[in-house]
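What follows is a short report on a single structure.
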Amino acid sequence: MRQIYFLSLFFIITSCNKESLSWSEGPQWDFIVEGGISTLDSVQYIKLSRPFLLFEEDAADLDSAIVTVSNGTDVFYFEQTADKGVYRGIVPVRADGPTVYHLTIHSEGNTYEATDSLFKFMGGGNAVMDKFVVEGSTVKINYAKHNFGRRNAGLFLLQRAPSTWQPFPKEGSPNYSYSHPFGAPNALGQILSPSISHVFNTTDSVDLYFFSVSPAYSKFLYGVFRETDWKGLLSSASGNVKGNMSGNAGGFFYVMDGVKRRRSLPKNLSAE
């Protein structure tokens, strides 16, 4: 998932010496895995890219790899798309189906593997629809990017309807809100947490996307944010952000249960 271009920022922070811009002090990944599979759509995407330095324009995308996902019974093959480094596969994932999925990547004579588990969405999530202000013909919605101490780990995304969830959109990146089962990383974590703001028309409808994630993926994201969003804010020791990829590959292959809901915006109510 391209949340995950913040992953690129993370690998810069942890791997680059700020003065020399060298890779000598951090992990030198062969490539980074972004994306995975979800129940929201049978069309799934995985992106492979090489880390890049601050003075480079972009990451070098990894082409010509063999990418497969299996559920213990069936094996699903991914094909390279017109977008460099992005692979597409048809993997039907059901909330009541197999729960463990295995990724295998063959590239340049090496094999890399990862496993993640599906955790069913149990309801709840981010109550952003209770945090809006109506001003004339506009509706302003503001909510925290990070929510700590939640019972279930997950991601939340709000978009103007009609919309289609895209893990790797052509422009920008999905602006997710995260529910963490862990506490704030420091005393100011919740207070100084970045916020997400939207402005809509009162005639608009919005699409709400909820994704449940595995404990392993939640822990990985928490570690990444300790090196990005929360870096230097009285944080404790840096998180271990080695993902679930074997060998010398970074990133994380995820399995998520996704739910999409459409809501009409309020016309004349106001609440903080």
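Some notes on this structure:
- Annotation for the stretch 240-247: no member residue is at pLDDT below 90, exposed (fewer than 15 other Cβ atoms within 10 Å of the Cβ) and touching a Ser or Thr at 6+ places or on another chain (Cβ under 9 Å).
- Residues satisfying the stated conditions in the stretch 135-160, i.e. buried (at least 16 other Cβ atoms within 10 Å of the Cβ), in contact with a strand residue (DSSP E or B) (Cβ under 8 Å, 6 or more places away or on another chain) and assigned to a loop (DSSP other than H, G, I, E, B): Arg150, Asn152, Ala153
- Within the stretch 111-140, the residues that satisfy the criterion of being touching a Leu at 6+ places or on another chain (Cβ under 7 Å) and either at pLDDT below 90 or not assigned by TED's automatic domain parsing to the domain that holds Pro194 (or both) are Glu113, Ala114, Val128, Val134.
- Residues that are free of Cβ contacts under 8 Å to residues at least 60 places away in the same chain, aliphatic (A, V, I, L, M) and surrounded by 14 or more Cβ atoms within 10 Å (Cβ to Cβ), drawn from the stretch 89-118: Val91
- Once the stretch 30-58 is narrowed to residues that are touching a helix residue (DSSP H, G or I) at 6+ places or on another chain (Cβ under 7 Å) and surrounded by 21 or more Cβ atoms within 10 Å (Cβ to Cβ), the residue that is modelled with the lowest pLDDT is Pro51.
- Subset of the stretch 71-110 that is of a type in the set (Gly, Ala, Ser) and in a loop (DSSP other than H, G, I, E, B) - its residue that is modelled with the lowest pLDDT: Gly97
The values are calculated or read from the model by the stated rules, or taken from the named source; none is laboratory data. Everything quoted here is computed from the prediction, not taken from an experiment. Note that each Cβ is placed from the backbone with ideal geometry, even for glycine, and that neighbours are counted across all protein chains shown.
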